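Everything on this sheet refers to the single structure shown next.
The values are calculated or read from the model by the stated rules, or taken from the named source; none is laboratory data. Keep in mind that what you see is a predicted model, and the values were worked out from it rather than measured. Here the Cβ positions follow ideal geometry from the backbone for every residue, glycine too, while neighbour counts run over all protein chains shown. Ligands, DNA and RNA are stripped out before the accessible areas are found, and what is left, the full protein with its side chains, is counted by its heavy atoms. Shrake-Rupley method; radii C 1.70, N 1.55, O 1.52, S 1.80 Å.
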Amino acid sequence: MTGTFIGRARAITFLAIAALFLSGQREPILVPEVSQSRIEVRQGFTGANLLLYGAVIDPDGTRRQTEYDIVVVLKGPTEPIRLREKDRIAGIWMNAGSSDFRSAPSFFAVASSRPIDEIVDPRTAAIYELGTQFIQLSPSGQIEPEEQARFASGLVEMRQRGGLYKEDPQGVRISEGVLYQARIVLPSNVITGPYTAETFAIANGRVLASATAEIAVEKVGLEGEVVNAAERASLLYGLGAILLSLSMGWFAGRFFNRS
């Protein structure tokens, strides 16, 4: 696996250098790759181990003269979510408050060559979402900033416990002065859909280059066929599910009546 990575990474380096000479670009160029652009979720899926790698080249086409840091951010499909807060009232646990977020990522992982606070300032980290505390959740409705921050922190903590949000401040390894690689594990409970891997080359607290790679997480087999059928013909799928439920209820009633 290591030999394959080095061979492909060297090919990426060659292409990056060629692109620099052809384009006359003065900013560094970043070329990302992923070990799997498509992940198949089958029955008994136990997760996937993604290798994200590539190269960053200085504008003169040589090995880097500037010391870059690399940060990789892997995001899953966004989804709306409502969080409820429970409180003990008169000895009974009851819903005491709630908050809605329009676009919470279903999966969020950050890997970096050093801790984020040693690479950029909080403002830059917030702009590029370089950490779980900087996820842009897009809250809806009227809510006090302090309360919003508490709910956002609760969401992050909940998904961290489920392995869906994670940070690895030593997760990127840079080698040969130009190549980088990072490993991010997708747990078995990830949802399907399009994932994006954003890679940032950073120097002196500034993002100098960025690039995005796409990853498709798809259900296959019987589960995949069911999902595709539901998406292609949602009305027929719903009617079929109702008919199946009614039929099973009727057969169950006949069976128990005979008993």
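The criterion of being farther than 25 Å from Ile202 by Cβ, open to solvent by 10 Å² or more (accessible area, probe 1.4 Å) and at pLDDT 85 or above does not hold for Ile92. Pairs meeting the criteria (first residue in the stretch 146-166 and outside the structural domain of Ile81 (by TED's automatic domain parsing), second residue open to solvent by less than 60 Å² (accessible area, probe 1.4 Å) and not in a helix (DSSP H, G or I), beta carbons under 9 Å, at least 6 apart or on different chains) are lacking. In this entry, Gly177 is excluded by the filter for residues that are open to solvent by 50 Å² or more (accessible area, probe 1.4 Å), modelled with pLDDT under 90 and assigned by TED's automatic domain parsing to the domain that holds Ile70.
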